Structures are given as structure tokens and as C-alpha cells.
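Participant: Here it is: the structure, laid out below.
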Amino acid sequence: MKYFNLGKSDLEVSNIGLGCMRMAGKSLDEAKEIVKVSIDSGINFFDHADIYGKGESEVIFGQAVKSLGIERESIIVQSKCGIRDGMFDFSEEHIISSVKESLKRLQMDYLDVLVLHRPDTLFDPLEVNAAFKHLHSEGIVRNFGVSNQNPYQIELLETELEFPILTNQVQFSIRHTPMIDAGFNVNMKTDAAVGYAMGILEHARMNGITLQAWSPFYSGHFEEIFLDNPKFEALNELLTQIGIKYGVAKDAIAVSWILTHPAQMQVLIGSMTTRRIKSIAKGSEIVLTRSEWYEIYRVAGNILP
């Protein structure tokens, strides 16, 4: 497993992290096996949110960590807050109360990283900073990040923020590539030229922000998984062929395609199947050749200008 520093911090994290959204509903024994296999595979980063399973994902994860006797300092735990029924809420009161409730569910004293979950157009940078100062001064949140935000939203937040933004959690996969498409099609009259991502990739690289890629196996916005999907036969055949070269399965190659990018992203996988976690983890240190990377991009359905 490859490790690197998250953003501009000294947090050394695995470049593949486990997203725990689907941990809700698992038995304690199942959750323990998932956590153990993840750690044995080299994964030390676990991503949560207060809304995952309405809090149940944090509960079962916390129980599993405690039952396994895992030292808190040996893992990196991130959680998110800000999504409420029918709205987003980055108010000082909501951020602080959400974190404290998450820590109760996790049975932990602190979060390594707190992420603002999606943008709240009504947010006040001063109010967010006050919440972060309170949490940081109490020692219950050590670092901060955002999710699904464009560069201007991040820069607006930073006008009053006394803490560096370490991460921006965004959707990215072989079959969801708006962060890359517009860069290839600058000044072109094509659909791919539309800047849906608004320079997220370039902004992150220029400012030392780690992009955390979620839904790495999905085509579109939660539309369907492309792995083993007959609709994407050519792509799956290519991933299999390249996987044979490196001695890994196609899911590991799909992850390595993201990790090969020099932006040094972190991939958050959501599998709760231990066999798949082991398989995917093998893609951590694979660096594809330039020709392999571009071939995968093209076979996925993208056209280079």
C-alpha cells in the first residue's frame, strides 16, 4: 500500500481509503472482518458521514474498532456533516453538534478530519471558522476539508478560515471524467468542453489539496457500475488485459487509473465485501504507462480532440 501526506498536513494516509456508507446494517462480526481485512490490506483511512445509515454506520464501525482492540492513533478517521433533511446546513451550531454526536456514535475522542458535506449556499465563512476554532481548540477535530466544492466556493470559505483545507471529496472514475474532459477540450465547441468541474483538478494541484475520489466504479451519478457490465464490454476487456499484465483484477486497474494521475488523489472505495477490498487494494502501487492510461480513457467512450 502506498501512503502520502493528506493535503499539506503531516497525516500519513493510505492512497486507498474505505468509505463506510454501506456499513450500516452489518453485524458486529461482519463489520469487524471488514475493518480487519482493510487494515491487513494496508488501508488506514476510514471515511464516514453523520447521515450514513442515519448514523448507524458510525455506530457499527466504532463497535468494531473497539472490539478489535485497534489503537485509535493507528487509524485515520474522517467524518462529514452538513446534509440535513431537505437542506444543507453549515451553521456553527449544526457543525459543532454534528461532530459531537458523531464522536459519541464512533466511541472516539476526536476526528482526524472533518469534511463539510456538499456546499451550503447560505453559509457564512465567519460562522464556519468559529465552529472550526471551537472544535479544534477542544481537540475534537484536528483537520478540515470540504466535498463537492468548486474553487470559488473553497476560496470564499478561505477568506475567513484560519485552518487549511486538506481535502475536496469529488466524484471521479473512468466513466465520470468531467474534471479531465474540459481540460482536453479547451476552446472547443464540443460537449466535453463544458466546464462542469470549474477547474477543480487544477485548483487542487496548485493549492496542495487532496482530491478524494468517490464512486470510483460508477458510470455517471450513481447510474450504474461499469465493472462486469455488458454495456461496457470493451472497457472491461481492456481492464482485464491490462490487469493480466500487472497480475491484478480489473477493479485494481480501475483504481490505479485514478491513482496514476499526478494530482496524487486518494480513492475512497465503498465495498463491504472483503474479497473485493483485498483485490482493489492491490491497485495502490500500480502506475500505468501513459499509453495505457490514455487507452483506458478513450475506450471508456471519450474522444480526444
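The values are calculated or read from the model by the stated rules, or taken from the named source; none is laboratory data. Computed from a predicted model, the values in this text were never measured in an experiment. We place every Cβ from the backbone using ideal geometry, glycine too, and count neighbours over all the protein chains shown. The area values use the complete protein model at the heavy-atom level, side chains included, leaving out ligands, DNA and RNA. Shrake-Rupley method; radii C 1.70, N 1.55, O 1.52, S 1.80 Å.
Participant: For Lys66, which lysines qualify as cross-link partners when the Cα separation must be under 17 Å and same-chain residues fewer than eight apart are set aside?
Facilitator: Lys26, Lys32, Lys36, Lys104
Participant: Keeping the other protein chains in place, figure out the carbon and sulfur percent of the accessible area of region 171-305, with a 1.4 Å probe.
Facilitator: Numbers: 3440 of 6450 Å².
Carbon plus sulfur share of accessible area: 53 percent.
Participant: Given a 1.4 angstrom probe, I'd like the percentage of the accessible area of region 68-121 that is carbon and sulfur, rounded to a whole number. Write out the running numbers ahead of the final one.
Facilitator: Details: 1100 of 2420 Å².
Percent of accessible area from carbon and sulfur atoms in region 68-121: 46.
Participant: Over the heavy atoms of Glu202, what accessible area does a 1.4 Å probe trace out, to the nearest 10 Å²?
Facilitator: 90
Participant: At 7 Å along Cα-to-Cβ for each site, give me the label-to-label distance between Lys8 and Leu68 in nm.
Facilitator: Placing both labels 7 Å beyond Cα along the Cβ direction yields 3.3 nm.
Participant: State, as an integer percentage, the relative contact order of the chain based on alpha-carbon contacts under 8 Å between residues 6 or more apart.
Facilitator: On the way: 589 pairs, mean separation 55.5, N = 305.
Value for the chain: 18 percent.
Participant: Per residue of region 73-84, in order, report the coupling 6.51 cos²θ - 1.76 cosθ + 1.60 (Karplus, θ = phi - 60°) as ³J(HN,Hα) in whole Hz, putting x for Gly and Pro.
Facilitator: The phi angles translate into 5, 8, 10, 10, 10, 10, 9, 10, 8, x, 8, 10 Hz.
Participant: For region 1-140, take the convex hull of the Cα atoms, compute a quarter of its surface area, and give me that in nm², please.
Facilitator: On the way: hull surface 33.8 nm².
The Cα convex hull of region 1-140, projected and averaged over all directions, gives 8.4 nm².
Participant: Right, next: Among Ile154, Ile225, Ile269, determine the one that fluctuates most according to a GNM of the chain built with springs between C-alpha atoms less than 10 Å apart.
Facilitator: Highest fluctuation among the options: Ile225.
Participant: Then there's this: Could you work out the helix-only [θ] at 222 nm for the chain, with each DSSP H run of four or more residues adding -39,500 (n - 2.57) and the total divided by the number of residues, to the nearest 500 deg cm²/dmol?
Facilitator: Working: 11 runs with 119 residues, N = 305.
That comes out to -12000 deg cm²/dmol.
Participant: Roughly how far apart, in whole Å, are the Cα centres of region 65-143 and region 277-291?
Facilitator: 31
Participant: Could I ask something else about it? What is the extension gain from Met206 to Glu155, computed as 0.36 nm multiplied by their sequence separation minus the C-alpha to C-alpha distance, in nm to one decimal? Can you show the working numbers first?
Facilitator: Values: separation 51, 0.36 × 51 = 18.36 nm, distance 1.27 nm.
Fully extending the segment from Met206 to Glu155 adds 17.1 nm.
Participant: Starting from one equal scatterer on each C-alpha and no solvent at all, send me the Debye-based log10 I(q)/I(0) for region 262-305 at q = 0.13, 0.17, 0.20 Å⁻¹, two decimals.
Facilitator: -0.43, -0.69, -0.87
Participant: How would region 201-305 be classified by its alpha-carbon gyration tensor: rounded, prolate or oblate, with rounded meaning a/c under 1.5 and the a/b versus b/c comparison settling the rest? It would help to have the intermediate numbers written out before the result.
Facilitator: Working: a/c = 1.35, a/b = 1.18, b/c = 1.14.
It comes out rounded by the Cα gyration axes.
Participant: Taking the solvent-accessible surface of protein heavy atoms with a 1.4 Å probe, what is the per residue accessible area of the chain in Å²? List each step's numbers first, then the result.
Facilitator: On the way: 13800 Å² over 305 residues.
Accessible area per residue, the chain: 45 Å².
Participant: How far apart, in nm, are two points set 7 Å out from the Cα along the Cα-to-Cβ line at Ser97 and at Ala193?
Facilitator: Result: 4.9 nm between the two label points.
Participant: Moving to a separate point now. Name the residue, out of Lys282, Lys66, Lys80, whose mean-square fluctuation peaks in a Gaussian network model built on the chain with Cα pairs under 10 Å.
Facilitator: Lys66
Participant: How much length would be gained if the chain were fully extended between Phe184 and Asp40, taking 0.36 nm per residue of separation minus their Cα-Cα distance, in nm to one decimal? Provide the component values of the computation, followed by the final result.
Facilitator: Numbers: separation 144, 0.36 × 144 = 51.84 nm, distance 3.88 nm.
This chain segment gains 48.0 nm when fully extended.
Participant: Could you give me D for the chain, from Stokes-Einstein at 25 °C and 0.890 mPa s, where the hydrodynamic radius is the Kirkwood radius over C-alpha pairs? Units µm² s⁻¹, please.
Facilitator: D = 124 µm²/s.
Participant: Residue farthest toward the positive end of the dipole of the chain, with Cβ of Lys/Arg at +1 and Asp/Glu at -1: which of Gln241, Asn143, His221?
Facilitator: Gln241
Participant: Further question: Between His48, His117, His134, find the one with the highest GNM mean-square fluctuation for the chain; connect C-alpha pairs within less than 10 Å.
Facilitator: His134
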